[in-house]
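This report concerns only the one structure given below.
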Amino acid sequence: MPVLTTHYSIPLPADYDMSVIDRRVTDRSAPWDRRTGLLLKAFCVTDAADGGHNSYAPFYVWAEPHEFGTFLTGAEYAGLCAAFGPVPVTTGAVLACSIGSGPAGHLVVETEHLGPVTDLRDTARAEAERHRAVLADPAVHSHVVDLDPAAMTLTRRTLLRAASDVPRPKNGERVLRVLHLSQPPHDTTG
């Protein structure tokens, strides 16, 4: 069962050569395909050529939070910071998660600020219902909902299958292109 999400977004200059990120992902993604404690890593970008801005913005779903700690204190995060400067990482507690298989083409991200909530039971129930409805769409590869209790934000991330049309963002959504999707094999016997 996934318990933790992490993500970061590194803004890049408008004239940044995004093929550098493509090569970085190609050169460094293989170990993530076998990473212990990781259920999913989507290597994502936004591109100024697509009408937005340039960024490198991976998203992770962890089954074992201590493996996230190993990432932060290891060579991978040190290399990331050496290449791009300090990289703040946001975490979230998983409320709902379904991970598909096969390639994904885009990640749609929607964040909702909850305000000063002290009872999240109704929020969790509503998100479970919404989660089931999202999964009914055959274009959906995976769907993950997480809560950042420090910022009191709820984030819904929907990975779309590679063959799906490019989605148009609506209502403050962000659409990112997936360069590579790592889904290490994991023990499901519990």
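Within the shell defined by Cβ-Cβ distances under 12 Å, the residues around GLY74 carry a net charge of -1, with Lys and Arg each +1 and Asp and Glu each -1.
Inter-label distance, ALA124 to ASP27: 4.4 nm, where each label sits 7 Å from its Cα along the C-beta direction.
Less than 15 Å Cβ to Cβ from LEU114, Lys/Arg counted +1 and Asp/Glu -1: what total charge do the surrounding residues give?
Details: positive: ARG121, ARG125, ARG130, ARG156; negative: GLU110, GLU112, ASP119, ASP122, GLU127, ASP146, ASP148.
Residues close to LEU114 contribute a combined charge of -3.
With the Cα gyration tensor of the chain in hand, give its eigenvalues times 5 under a square root as the equivalent ellipsoid semi-axes, listed largest first in whole angstrom.
Working: eigenvalues 119, 80, 64 Å².
The three semi-axes for the chain are 24, 20, 18 Å.
Mean residue ellipticity at 222 nm, helices only, the chain: -7000 deg cm²/dmol; runs of at least 4 DSSP H residues each add -39,500 (n - 2.57), and the sum is divided by the number of residues. Residues in the range 16-89 average 46 Å² of solvent-accessible surface per residue, probe 1.4 Å, ligands and nucleic acids excluded.
With the Cα gyration tensor of the range 29-106 giving a ≥ b ≥ c as the square roots of its eigenvalues, does the rule (a/c under 1.5 for rounded; else a/b larger than b/c for prolate; else oblate) give rounded, prolate or oblate? It comes out oblate by the Cα gyration axes. For THR158, neighbours were defined as the other residues whose beta-carbon sits under 15 Å from its Cβ, and their charges (Lys and Arg +1, Asp and Glu -1) total +2.
For the range 72-166, the carbon plus sulfur part of the accessible surface works out to 57%, probe radius 1.4 Å.
The values are calculated or read from the model by the stated rules, or taken from the named source; none is laboratory data. Computed from a predicted structure; not experimentally measured. Because the Cβ atoms are built from the backbone with ideal geometry, glycine has one as well, and the counts that use them run over all protein chains shown. The area values use the complete protein model at the heavy-atom level, side chains included, leaving out ligands, DNA and RNA. Shrake-Rupley method; radii C 1.70, N 1.55, O 1.52, S 1.80 Å.
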